[in-house]
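Colleague: Have a look at the structure that comes next, please.
Every number in this text was worked out from the coordinates using simple rules, so none of it is lab data. Because the structure is a prediction, the values reported are computed rather than measured. Methodologically, a virtual Cβ is constructed for each residue, glycine included, from the backbone with ideal geometry; neighbour enumeration extends over all protein chains shown.
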Amino acid sequence: MPNFLRAPSGAQIALLKAAVFFACLLPALDLALGWRNGTLGANPIETLTRASGEWTLRFLLITLAVSPLRRYSGLHWLLRLRRMLGLFAFTYAAAHFMAYIWLDQFFDWRAIAHDILDRPFIAVGFAAFVLLVPLAATSSKAAIRRLGGRRWQSLHRSVYAIAILAVIHFWWLVKADLLKPFIYALILAVLLGLRAWWRELERRRQLSVPPPAKHLDRPVIRIVQK
Amino acid sequence: MLIRSTSGPADILPSEITSRALFEGRRRFLARSGLGLTAGAALWYGLGGEARAATARLSAAASPLSTDEALTGHEAVTSYNNFYEFGTDKGDPARNAHRMSTRPWTVTVEGLAARPRSFGIDELLKLAPLEERIYRLRCVEGWSMVVPWVGFPLAALLKAVEPLGSAKYVEFLTHYDPEIMLRRPILQWPYGEGLRMDEALHPLTILAVGLYGELLPNQNGAPIRLVVPWKYGFKSAKSITTIRLLERQPATAWRRTAPHEYGFYANVNPDVSHPRWSQATERRIGEIRKRPTLMFNGYAEQVASLYQGMDLRTYY
Ligand code: HEM
């Protein structure tokens, strides 16, 4: 592996970030051009709603893939892309929501309220979006400092629930062919499964390694197998 | 005025080689004047090979049952389709349906009839005078189109086999060839649909063999499909191979998959919403804002009497 990938300099990281930023904009650019040129098919509003929804889900999963990628590749700087990826997930979600409210329903608030209340797939998508808002709002370094690392972290764990809701949203909106939502569900299951597995590994490690007692301020109970 | 002058076999009369723009102008004129399209017997298909298929024009009379609403563009009508055998994306049928061979083709009419038999496609094309029927098409997913079908009343075919008094329902089975179509059992193949006998005999119910004055493109259900304009689009089975006259209501494809979502009747009804979609409004393809959906898709005057005394919430 080239050295700059192992341990990039600050300037190289900035460059990487810029490249990823523009790459993340490409789907939006593609859709915007398609809209302008009339190449989004016979039902461009549907195309836009669906594409923005699917990209939201993809960005959620990409964001959740950062930790595993970092862990198994040893590329620790990947973590520095995570906030941007998460914010792109939120941006595409907001675009998806706007496509629905503006283009699809044209601010018909009664119809929108009915949709959210009557149609489980919309309710679940709406819940996922609402839960994303506090995460986007607390994505800055200042917010982390304000909340404190631990509280910030437990708040941001809701991204797991959001991703699950997003897959359910997709699963329920499909008429008959569940192949695509199934594939996304599988990817999510792997990403969540890895977390569960890491926890298990951590638990086992804690059991097997005698903790250096002087660092702990409480008595340590150790379970020893016979 | 545009004249397409190159492609096409030499024996096509210049008058037959008509651009779509010209055709539409002519169609509008004829629709207004109430005359039929009479220039030439243009069933080129019956005369020759594949090459003619692309330019084959159908001779069809205008119908008073047509709407005068603006037509949905040919491109949209032939590229935005639900034909799940060829894929579940709206663009899949246009991409994949060319694999289906629609010649030779027979439609077998069987069951409770005095003279059940099979009909070749050429025979069907001549069974009754072809008419142009410009109908609204409303999909259960909340979009709609206006399509200039060419076809003939289903009643003409049914009368030819002389249904028995015991025949109360008509079932339609469609082409399924796993070699060229989806194998995943998304729906139960072959796709099946059904109508009550009075619905099947209704003058609005047609078997379409063409659209925009030409033979049906494969993605629209070539060579012959049902069109029932007051019902959601999924009732209008495509690429039909078998028609059965039955005493009992047949099982139908979408109802088998999700009976709480799709009824047997599936009449367009803005007051009965589908679990996934409100049916109060629809987006006409080509338009941005939604428009209100009409009871029986605007055909209430002709068909409401068929359902007198029925609770349309129960029989959705
Ligand atoms: C995190 C939030 C969300 C995610 C990840 C998400 C994801 C998706 C996905 C993957 C699709 C299907 C795309 C396809 O068919 O290829 C979709 C469609 C859709 N979503 Fe969302 N969505 C979210 C929030 C919302 C919200 C808040 C609403 C509205 C209140 C909404 C309404 C819709 C609608 C109406 C469709 C189109 C259904 C159709 O065309 O049949 N979604 N969304």
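Colleague: With chain A treated as a Gaussian network of Cα nodes joined by springs under 10 Å, which of A:Arg119, A:Arg205, A:Arg50 yields the largest mean-square fluctuation?
Modeller: Among A:Arg119, A:Arg205, A:Arg50, the largest GNM mean-square fluctuation belongs to A:Arg205.
Colleague: On average, how many beta carbons from a partner chain sit within 10 Å of the beta carbon of a residue in B:136-148?
Modeller: Other-chain Cβ atoms within 10 Å of each residue's Cβ, averaged: 1.
Colleague: Let me ask something else about it. Under 5 Å between amide H atoms, partner at least 5 residues away or on a different chain: which partners does B:Lys231 have, H built in plane at 1.01 Å?
Modeller: It is B:Val268, by chain and number.
Colleague: A further question on this structure: Which trypsin sites (Lys or Arg not before Pro) from the range B:211-316 combine a DSSP loop assignment with at most 15 other Cβ atoms within 10 Å?
Modeller: Hits after loop and neighbour filter: B:Arg248, B:Arg289, B:Arg313.
Colleague: Round to a whole angstrom and tell me the spacing of the C-alpha centers of the range B:281-311 and the range B:209-240.
Modeller: About 19 Å separates the Cα centre of the range B:281-311 from the one of the range B:209-240.
Colleague: Shielding by partners for B:276-283, please: the mean number of other protein chain Cβ atoms within 10 Å of each residue's Cβ. Let's see the in-between values first.
Modeller: Details: counts 10, 3, 6, 0, 3, 4, 0, 5.
Averaged over the peptide's residues, the number is 4.
Colleague: Which of the helices in chain A meet the span-like rule: DSSP H, Cα axial reach of 15 Å or more, Kyte-Doolittle mean at least 1.6?
Modeller: Working: long enough: A:10-37 (40 Å, 1.21); A:44-73 (40 Å, 0.21); A:82-98 (24 Å, 0.73); A:120-137 (26 Å, 2.35); A:158-173 (22 Å, 1.91); A:179-208 (43 Å, 0.30).
Answer set is A:120-137, A:158-173.
Colleague: For A:Ala143 and A:Ile13 in one chain, what is 0.36 nm times their gap in residues minus the Cα-Cα distance, to one decimal in nm?
Modeller: Gain on extension, A:Ala143 to A:Ile13, equals 44.5 nm.
Colleague: Would you mind counting up the charge near B:Thr242? Only other residues with Cβ under 9 Å from its Cβ, with Lys and Arg at +1 and Asp and Glu at -1.
Modeller: -1
Colleague: A further question follows. Calculate the spin-label point distance for A:Tyr72 paired with B:Gln249, positioning each point 7 Å from the Cα along the beta-carbon direction, and give it in nanometres.
Modeller: For B:Gln249 paired with A:Tyr72, the spin-label model returns 5.2 nm.
Colleague: Between the range A:1-54 and the range B:256-276, what is the separation of their alpha carbon centroids in Å?
Modeller: 39 Å
Colleague: Just report the Cα centroid separation between the range A:76-113 and the range B:90-133, whole Å.
Modeller: Using only Cα atoms to place each centre, the spacing works out to 46 Å.
Colleague: Suppose every K and R has +1 on its Cβ and every D and E has -1 on its Cβ; what is the size of the dipole of the protein assembly as shown about the Cα centre, in Debye to the nearest 20? Could the numbers behind the result be given before it?
Modeller: Working: 67 positive and 42 negative charges, 723 e Å.
For the protein assembly as shown, the charge dipole is close to 3480 debye.
Colleague: Would you mind checking the range A:140-169 for residues with the amide N under 13 Å from a putative spin-label position 7 Å along Cα→C-beta of A:Arg195?
Modeller: A:153-166, by backbone N distance to the label point.
Colleague: Kindly provide the GluC sites (Glu not before Pro) of the range B:104-199 that DSSP labels as loop, not H, G, I, E or B, and whose Cβ sees at most 11 other Cβ atoms within 10 Å.
Modeller: Qualifying residues, ordered by number: B:Glu179.
Colleague: Sticking with this structure for a sec: Suppose R0 equals 56 Å; then what is the FRET efficiency for B:Ala156 and A:Leu79 from their Cβ-Cβ distance, rounded to the nearest 0.05?
Modeller: Once rounded, the FRET efficiency stands at 0.20.
Colleague: Using label points projected 7 Å from each Cα along Cα→Cβ, tell me how many nm separate A:Asn3 and A:His114, to one decimal.
Modeller: Taking the two extended label points, one gets 6.7 nm.
Colleague: Can you find, among A:Ile101, A:Leu33, A:Leu78, the residue sitting farthest towards the positive end of the charge dipole of the range A:4-112, where Lys and Arg contribute +1 and Asp and Glu -1 at Cβ?
Modeller: Farthest towards the positive pole: A:Leu78.
Colleague: Please compute, for peptide A:173-179, the average count of beta-carbon atoms on other protein chains lying within 10 Å of each residue's beta-carbon.
Modeller: 6
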